[in-house]
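J.: I am attaching a structure below and will ask some questions about it afterwards.
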Amino acid sequence: MTIEKHQKVIIIGSGPAGYTAALYAARAELKPLLISGSQIGGQLTITTDVENYPGFPEGIMGPDMMERFRSQAERFGTQYLYKMVTGIDFSSRPFKLDVEGETYTADSVIIASGASAKLLGLDSETELMGHGVSACATCDGFFFKDKHVVVVGGGDTAMEEAGFLTKFASRVTVVHRRDELRASKIMQQRVLSNDKVDFQWNKNVVEMLGTKTDGITGVRLKDTVTGEESIFPCEGVFLAIGHKPNTDIFVDSLDNDDHGYLVTEKGTTKTNIPGVFAAGDVQDSIYRQAVTAAGSGCMAAMDAEHYLTSLEFAE
């Protein structure tokens with residue numbers, strides 16, 4: 001089927017926010033076009049079991065859940081383009097999007113390009129992601145009951161993840177590349193006073209040890225002072241060195257905070273440009289959950305529908 005170059009609504013991103021926005025926009029008969037981006041299905045495609053999304057009492061695999069999202073939106077008329085948006089022009093209407101060398105225009109745009117967990121860049125980390133390596137304690141902590149896990153990081157995120165994991169893990173070891181934490185004092189105190197948490201100071205993780213079948217068996221640590229390497233046994237690794245919103249092509253056009261997250265009007269998904277909306281992790285630096293992303297995707301579609309209706313009445 002040929003996809004028209006002009007659309008009423010174009011959705012950028014294919015995670016829970018993007019697919020939910022597509023579902024609601026399609027049911028409103030806006031015939032949305034969703035441009036998937038490089039990671040089709042978003043961060044949930046690297047999550048094995050999802051047990052905290054309502055409606056799935058037995059749990060569901062992350063990729064399976066995203067396929068259900070996709071097919072449900074398609075059922076109501078969503079069109080898909082499995083490409084990357086490589087440039088945008090929001091300076092005039094219709095808005096212009098460069099999609100790998102082709103130009104598409106839209107009366108409204110919903111940005112749901114998500115965020116990416118900052119990783120260490122190790123081959124073993126990529127290999128074992130979802131098999132003992134995680135970037136979300138809230139998502140995966142439950143699977144590490146009575147296990148010894150490692151948290152990598154030294155900021156507020158790492159302290160929050162470490163504290164949360166003590167509800168499940170038998171032991172939590174924080175690995176930090178310096179000899180003091182960057183976290184706020186109150187976050188430090190909570191973790192330092194927790195008997196289930198200990199620390200490996202002045203250490204970098206240079207390799208994850210284990211297999212997809214057996215999971216994590218340990219990490220190889222390198223001392224940042226002496227350069228000495230050692231094996232540290234553990235049964236899970238949580239990366240807590242921050243997230244980066246996927247907003248590089250938008251930050252020159254749209255208001256964003258100090259970390260690059262898009263700023264939306266309170267209680268809405270409206271950006272500073274009328275007709276451009278943002279949903280999900282691209283504008284949420286706090287919750288970053290599939291269910292909250294889906295909720296804001298719904299909001300964005302409704303905001304876009306109201307905007308398009310206002311344009312019709314203005315003509």
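J.: Give a residue-ordered list of calculated ³J(HN,Hα) values for the stretch 72-86 (Karplus: 6.51 cos²θ - 1.76 cosθ + 1.60, θ = phi - 60°; whole Hz; x for Gly, Pro).
T.: 5, 5, 5, 3, 9, x, 5, 9, 10, 10, 8, 9, 10, 7, 10
J.: Taking the alpha carbon gyration tensor of the chain, what are the square roots of 5 times its eigenvalues, largest first, to the nearest whole Å?
T.: Working through the eigenvalues yields semi-axes of 40, 20, 17 Å.
J.: Take the Cα radius of gyration of the stretch 121-166 and divide it by 2.2 N^0.38 Å, with N its residue count; two decimals is plenty.
T.: Compactness ratio reported: 1.14.
J.: If you place +1 on the Cβ of every Lys and Arg and -1 on the Cβ of every Asp and Glu, how big does the dipole about the Cα centre of the chain come out, in debye to the nearest 20?
T.: 340 debye
J.: Let me ask something additional. So, by mean Cβ neighbours within 10 angstrom, what's the order for 188-196, 71-79, 6-14 with the highest one leading?
T.: With the highest mean Cβ count within 10 Å placed first, the list reads 6-14, 71-79, 188-196.
J.: Excluding same-chain residues fewer than 8 positions from LYS5, which lysines have a Cα within less than 16 Å of its Cα?
T.: LYS5 reaches LYS31, LYS83, LYS96.
J.: Separate question: For HIS131, HIS176, what's the fewest-to-most ordering of other Cβ within 10 Å of each Cβ?
T.: So the ranking, lowest neighbour count to highest, is HIS131, HIS176.
J.: Seen from all sides and averaged, what is the projected area of the convex hull of the Cα atoms in the stretch 1-69, in nm²?
T.: Spelled out: convex hull of the Cα atoms, projected over all directions, averaged, 5.4 nm².
J.: Over all directions, the average projected area of the alpha-carbon convex hull for the stretch 119-239 comes to how many nm²?
T.: So the Cα hull casts an average projection of 6.6 nm².
J.: I would also like to ask the following. Would you please name the GluC sites (Glu not before Pro) within the stretch 147-188 that are DSSP coil residues with at most 12 other C-beta atoms within 10 Å of their C-beta?
T.: The qualifying sites are GLU180.
J.: Continuing with this model, one more query. Under 5 Å between amide hydrogens, which residues at least 5 positions from GLY242 or on another chain qualify, with H placed 1.01 Å from N in the peptide plane?
T.: LYS118
J.: Still on this model: Considering only DSSP beta bridges with both partners in the stretch 1-101, what is the antiparallel share in %, to the nearest 5?
T.: Of all bridge pairs located within the stretch 1-101, approximately 45 percent are antiparallel.
J.: How many angstrom lie between the C-alpha centres of the stretch 31-108 and the stretch 153-199?
T.: What the calculation gives is 35 Å, centre to centre.
J.: Quick one: 3J(HN,Hα) in Hz for the stretch 213-229, Karplus 6.51/-1.76/1.60 with θ = phi - 60°, rounded, Gly and Pro as x.
T.: 6, 9, x, 7, 10, x, 10, 9, 9, 10, 6, 6, 9, 9, x, 5, 10
J.: Any chance you could check the Cα centroid distance between the stretch 123-149 and the stretch 289-314 for me, in angstrom?
T.: 34 Å
J.: Compute all pairwise cysteine Cβ distances in the chain, then list the cysteines with no distance under 4.7 Å to another cysteine.
T.: Unpaired cysteines in the chain: CYS234, CYS298.
J.: Another one. Among LEU192, GLY18, SER91, whose Cα sits farthest toward the positive end of the charge dipole of the chain (+1 at Cβ of Lys/Arg, -1 at Cβ of Asp/Glu, about the Cα centre)?
T.: Among LEU192, GLY18, SER91, the one farthest towards the positive end of the dipole of the chain is LEU192.
J.: Moving on to the next point. Spelling out what I want: for every residue of the stretch 141-148, take phi, set θ = phi - 60°, compute 6.51 cos²θ - 1.76 cosθ + 1.60 (Karplus), and round to whole Hz; glycine and proline get x.
T.: x, 4, 6, 10, 4, 6, 10, 8
J.: Packing-wise, with mean Cβ within 10 Å as the measure, how do 105-112, 233-240 rank, highest first?
T.: Ranked by mean Cβ neighbours within 10 Å, highest first: 105-112, 233-240.
J.: Within straight cross-link reach of LYS185, meaning Cα distance under 26 Å, which lysines are found once same-chain residues fewer than 8 apart are removed?
T.: LYS118, LYS167, LYS196, LYS203, LYS244
J.: Using just the helices of the chain, give the 222 nm mean residue ellipticity in deg cm²/dmol: DSSP H runs with n ≥ 4 each add -39,500 (n - 2.57), and the total is spread over all residues, rounded to 500.
T.: -7500 deg cm²/dmol
J.: If you don't mind, there's one more thing I want to ask. Amide H to amide H, which residues 5 or more places from LYS5 or on other chains are under 5 Å from it, using H placed in the peptide plane?
T.: none
J.: Right, here's the next one. Give me the percent of Cα-Cα pairs in the stretch 21-130 that sit more than 22 Å apart, rounded to a whole number.
T.: Cα-Cα pairs of the stretch 21-130 separated by over 22 Å account for 45 percent.
J.: May I pose another question? Amide H neighbours of VAL85 under 5 Å, at least 5 residues apart or on other chains, H built in the peptide plane: list them.
T.: It is GLY37, by chain and number.
J.: Per 5 Å bin, what is the whole-percent P(r) computed from every C-alpha pair distance within the stretch 227-279?
T.: Distribution as computed: 4, 15, 20, 15, 10, 6, 6, 8, 7, 6, 2, 0 percent.
J.: Based only on Cα atoms, what Rg/Rh ratio does the stretch 147-194 have, Rh being taken as Kirkwood's radius?
T.: In the stretch 147-194, Rg relative to Rh is 0.93.
J.: Right, something else. What Kirkwood radius, in Å to one decimal, follows from the Cα pairs of the stretch 76-186?
T.: 17.7 Å is the Kirkwood radius here.
Each value in this text was obtained by applying a stated rule to the coordinates, not by laboratory testing. Keep in mind the model is a prediction, meaning the values are calculated, not measured. With ideal geometry, Cβ positions are generated from the backbone for all residues, glycine too; neighbour counts draw on all protein chains shown.
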